[in-house]
Amino acid sequence: MPEHKPKPVSALLIQEFLPVMKFQDLAESVGPADQPESCAVCLYEFEGGEEIRRLRNCRHIFHRNCLDRWMEHDQKTCPLCRTQFVPEEMKDEFNQRLWAASGVPDLHSEYSHDTVAFDGFLYGGGHY
Ligand SMILES: [Zn+2]
Ligand SMILES: [Zn+2]
């Protein structure tokens, strides 16, 4: 048995879905009023050249490393406001890719992809 747990597949996929950018690039694309000053995970201020991720749903930004570490704990919601990482309109695509990546093609024939079981797996602890 390996000592280290592999990264959750969902975390890897979410990381692909959320764009990485430099803080200075974000600063250029949004107004100064929209710019957060510090990362809610580590509480350090963002520096111009640091890599950050911006969440698609709530637009909060975090250091890339901070968010990646957060996701490796199998978290699927924003550390700040608890909004889900994957927007509703991308959920289907995300689920399909998660299934493909998980190597469980058998499930496809047994369940439709909007089954309760699968929603529970991906969005455990949600409020729906
Ligand atoms: Zn941080
Ligand atoms: Zn948020």
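Observations
- Restricting the first member to segment 64-81 and to residues that are without any contact (Cβ under 8 Å) to a residue 24 or more places away in the chain, and the second to residues that are more than 14 Å from ligand 2 (Cβ to nearest atom), no beta-carbon pair is closer than 7 Å while six or more apart or on different chains.
One line per residue, one yes/no per condition, for (1) in contact with a helix residue (DSSP H, G or I) (Cβ under 7 Å, 6 or more places away or on another chain); (2) under 24 Å from Lys76 (Cβ atoms); (3) modelled with pLDDT under 90:
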residue	(1), (2), (3)
Ala27	no, no, yes
Pro36	no, yes, yes
Ala40	no, yes, no
Glu45	no, no, no
Gly49	yes, no, no
Leu55	no, yes, no
Phe62	no, yes, no
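- Restricting segment 58-85 to residues that are surrounded by fewer than 17 Cβ atoms within 10 Å (Cβ to Cβ) and among the polar types (S, T, N, Q), the residue that is farthest from ligand 1 (Cβ to nearest atom) is Thr83.
The values are calculated or read from the model by the stated rules, or taken from the named source; none is laboratory data. This is a predicted model, so every value here is computed, not measured. For neighbour counting, all protein chains shown are included, and Cβ atoms are generated from backbone atoms with ideal geometry for every residue, glycine included.
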